[in-house]
Protein chains: 2
Amino acid sequence: MSDMPKRVRILEEGPREGFQIEKGPITTARKIELVDSLSQTGLEQIQVTSFVSPQAVPQMADALEVVNGFTRKPGVRYTALWLNDKGLERALATQKLDIRGSLSLTASEKFLLRNQKRTLAENVNAVRSIIGMYKHYNVTVDRASIMAAFGCNFEGEISTERVLDMVRQLFELAEEGGVTLKTLSLADTMAWATPGSIKRVVGAVRERYPDLELSLHLHDTRGMGVANAYAGMQMGVTTFDAAVAGLGGCPFAAHAAAAGNVCTEDLVFMCQEMGIETGVDLEKLIESALLAEDIVGHPLPGSVMKGGSLAKLRAKVAQQVQAQRAA
Amino acid sequence: MSDMPKRVRILEEGPREGFQIEKGPITTARKIELVDSLSQTGLEQIQVTSFVSPQAVPQMADALEVVNGFTRKPGVRYTALWLNDKGLERALATQKLDIRGSLSLTASEKFLLRNQKRTLAENVNAVRSIIGMYKHYNVTVDRASIMAAFGCNFEGEISTERVLDMVRQLFELAEEGGVTLKTLSLADTMAWATPGSIKRVVGAVRERYPDLELSLHLHDTRGMGVANAYAGMQMGVTTFDAAVAGLGGCPFAAHAAAAGNVCTEDLVFMCQEMGIETGVDLEKLIESALLAEDIVGHPLPGSVMKGGSLAKLRAKVAQQVQAQRAA
């Protein structure tokens with residue numbers, strides 16, 4: 001475990017990942033309530049909402065109101081998602097978010113063709129115009145991500161060589177555009193990863209780019225989220241996207257695509273028990289998870305929010321020991 | 001990953017762990033249906049039921065009828081649980097089970113006092129009389145287990161030294177009783193383990209007893225089950241107890257104790273994807289998991305049963321590739 005990090009950064013995506021997929025109408029006030037609750041947990045970054053087409057994603061139509069409504073806590077970064085200049089403009093107009101640009105390539109051409117009607121080559125050009133967009137709005141870009149890096153429902157296996165080639169292309173695009181990439185995120189978009197492929201792909205990227213900060217975006221559709229995060233940590237990954245309570249999918253839907261990100265508090269629990277710092281207060285995070293469940297109105301897949309942390313049990317044991325000594 | 005096993009043995013405990021905790025009355029016929037379904041999956045061992053007091057555990061009152069009713073499949077071992085000579089006699093009387101004895105010590109005295117009203121020393125004596133019982137009934141004993149090996153709700157941390165001391169005592173008791181232990185099971189009875197403690201405890205036991213087959217009994221109360229199993233495999237553990245669909249607990253119960261074993265099909269999925277043989281047909285196992293959910297009548301926590309395996313997706317991709325070539 002020589003490579004295990006001393007500290008990991010867990011970036012909260014629950015409010016965006018979660019509320020985007022929920023069918024039930026969730027009021028703006030309750031969305032704000034969750035963001036404000038998460039702000040008290042010690043999480044360093046919270047993705048608040050998504051500035052996408054209200055026609056395509058009606059659940060996100062109140063993005064502006066959510067951003068206007070929450071209370072910024074000093075030291076916390078508040079981010080949002082956008083897919084084009086219109087979305088970015090809306091995010092910038094709030095003057096309340098921490099706007100940072102990110103470049104993205106997708107490792108599966110079939111997924112790209114299906115979802116964005118683009119070839120791999122067209123996607124590279126799209127990144128060029130996205131760099132242009134960020135320059136136009138004077139937005140710093142320091143991060144890139146590779147979607148479907150571990151496998152694809154429409155293309156099957158994704159080779160490590162393909163992923164390495166994508167990283168190379170991202171660095172070329174960045175250099176060409178005068179951008180310095182600090183962080184690379186590998187996304188298991190369709191939950192194909194297991195600890196074995198995490199080790200293989202992360203290991204290969206790390207070997208070629210030893211100074212790059214690596215981040216994992218893991219989905220829990222097949223129950224591998226926490227194990228994959230652990231395998232990632234063993235390979236020196238220090239940053240993870242996660243969603244409080246496992247928000248972002250209904251585990252009881254027959255639709256396999258509907259599974260959420262790895263659960264934030266389960267990940268924080270594992271880190272805490274293994275002596276890895278996260279800066280997060282687990283008890284407060286469990287409160288946020290229970291709040292998220294109350295807001296969506298159905299059970300969420302997180303485990304520690306149900307099973308409880310060990311801190312309370314330890315405190316109870318310590319109390320009893322003290323009582324016995326006093327007696 | 002040099003220590004990763006080529007093959008692991010997954011021992012199914014679902015019918016026993018699961019039906020013991022379910023409140024709703026489950027008919028004997030449906031219990032038999034699940035055992036017969038599991039028999040078709042390639043699992044090498046299935047724990048069918050529990051011969052315990054019908055007053056204490058009314059859900060297991062039909063243990064004899066369940067055993068009489070299922071159809072033995074050649075090559076599969078069918079086991080049961082008992083806690084005393086009365087239970088063992090009932091199990092033996094069925095003449096249909098694979099009866100094998102196991103010794104057990106508990107690493108937490110507070111847990112022992114609470115659950116069995118015994119001290120650690122009294123528990124050692126209990127093992128002596130259990131060896132006597134197995135001799136009396138001419139039952140082979142080749143396995144021992146340590147309960148609460150990773151922590152206890154009533155005692156807190158359990159030191160690695162304590163666990164090593166328990167193993168030493170078990171070997172002494174075995175030698176004294178003329179028993180040869182082949183397998184040692186470490187049970188995370190109250191779900192305190194994380195990959196870090198799995199590595200520490202398993203590593204220490206393995207270092208001192210390099211030839212002993214190690215087994216893990218993992219509960220998933222805090223979502224660590226699969227990650228803990230993976231950490232165990234990295235330390236060379238080759239045998240795991242598991243429960244189909246995660247049977248054995250209701251993840252939506254507020255009661256933390258009510259969480260099940262690590263989910264069989266999620267574990268099989270991980271192994272299969274990592275090239276570790278289990279001998280289990282994942283698709284058939286998913287069918288058994290869906291059957292289990294139908295039988296208990298509420299959602300069960302397994303993930304792969306909802307997210308699906310990757311085999312079907314790969315087959316679909318292969319079909320499309322073939323169709324394109326033909327066109």
Would you be able to say whether some residue in the range A:102-121 is more than 14 Å from chain B (Cβ to nearest Cβ), farther than 21 Å from A:H217 by Cα and under 21 Å from the mean Cα position of the chain (by Cα)? no
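Name the one entry in A:I26, A:I46 that is more than 19 Å from the chain's Cα centre (by Cα) and either closer than 27 Å to A:V202 by Cα or modelled with pLDDT under 95 (or both).
Residue meeting the stated conditions: A:I26.
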Odd one out for A:Q319, checked against (1) more than 28 Å from A:D3 (Cα to Cα); (2) crowded, with 21+ Cβ neighbours inside 10 Å: (2)
Would you check if A:I32 is touching a Gly at 6+ places or on another chain (Cβ under 9 Å), in contact (Cβ under 8 Å) with a residue 12 or more places away in the chain, assigned to a helix (DSSP H, G or I) and of a type in the set (V, I, T)? yes
Restricting to the range B:167-186, name every residue that is crowded, with 20+ Cβ neighbours inside 10 Å and either outside any helix (DSSP H, G or I) or among the β-branched types (V, I, T) (or both). B:V167, B:V179, B:L181, B:L184, B:S185, B:L186
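For the range B:64-142, which helices (runs of 4 or more DSSP H) that fit wholly inside it have 1 or more residues that are in contact (Cβ under 8 Å) with a residue 40 or more places away in the chain and closer than 18 Å to B:L173 by Cα? Quick ask: steps written out before the conclusion?
Details: elements: B:85-93, B:109-116, B:120-136.
The qualifying helices (runs of 4 or more DSSP H) are B:120-136.
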Taking the range B:293-307 and keeping residues surrounded by 21 or more Cβ atoms within 10 Å (Cβ to Cβ), at the interface with chain A (Cβ under 8 Å from one of its Cβ atoms) and farther than 8 Å from B:A245 by Cβ leaves B:S303, B:V304, B:K306, B:G307
Assess whether B:A227 counts as being within 14 Å of the chain's Cα centre (by Cα) and either modelled with pLDDT of 95 or more or within 14 Å of chain A (Cβ to nearest Cβ) (or both). no
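Filter the range B:53-87 down to the residues that are hydrophobic (A, V, I, L, M, F, W, C), in contact with a strand residue (DSSP E or B) (Cβ under 9 Å, 6 or more places away or on another chain) and farther than 30 Å from B:V8 by Cα and list them by number. Outline the logic, then answer.
Residues of the range B:53-87 hydrophobic (A, V, I, L, M, F, W, C): B:56-57, B:60-61, B:63-64, B:66-67, B:70, B:76, B:80-83.
Now narrow it down to the ones that are in contact with a strand residue (DSSP E or B) (Cβ under 9 Å, 6 or more places away or on another chain): B:57, B:60, B:63-64, B:66-67, B:70, B:76, B:80-83.
Within the range B:53-87, B:V57, B:L64 meet the criteria.
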Kindly indicate whether A:D241 is more than 13 Å from chain B (Cβ to nearest Cβ) and within 19 Å of A:W192 (Cα to Cα). yes
Is there a residue in the range A:258-267 that is in a loop (DSSP other than H, G, I, E, B) and surrounded by fewer than 20 Cβ atoms within 10 Å (Cβ to Cβ)? no
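Please work out if B:Q272 is at pLDDT below 90 and either assigned to a helix (DSSP H, G or I) or within 14 Å of chain A (Cβ to nearest Cβ) (or both).
Details: at pLDDT below 90: no; either assigned to a helix (DSSP H, G or I) or within 14 Å of chain A (Cβ to nearest Cβ) (or both): yes.
No.
The values are calculated or read from the model by the stated rules, or taken from the named source; none is laboratory data. Model, not experiment: these values are computed from the prediction. Methodologically, a virtual Cβ is constructed for each residue, glycine included, from the backbone with ideal geometry; neighbour enumeration extends over all protein chains shown.
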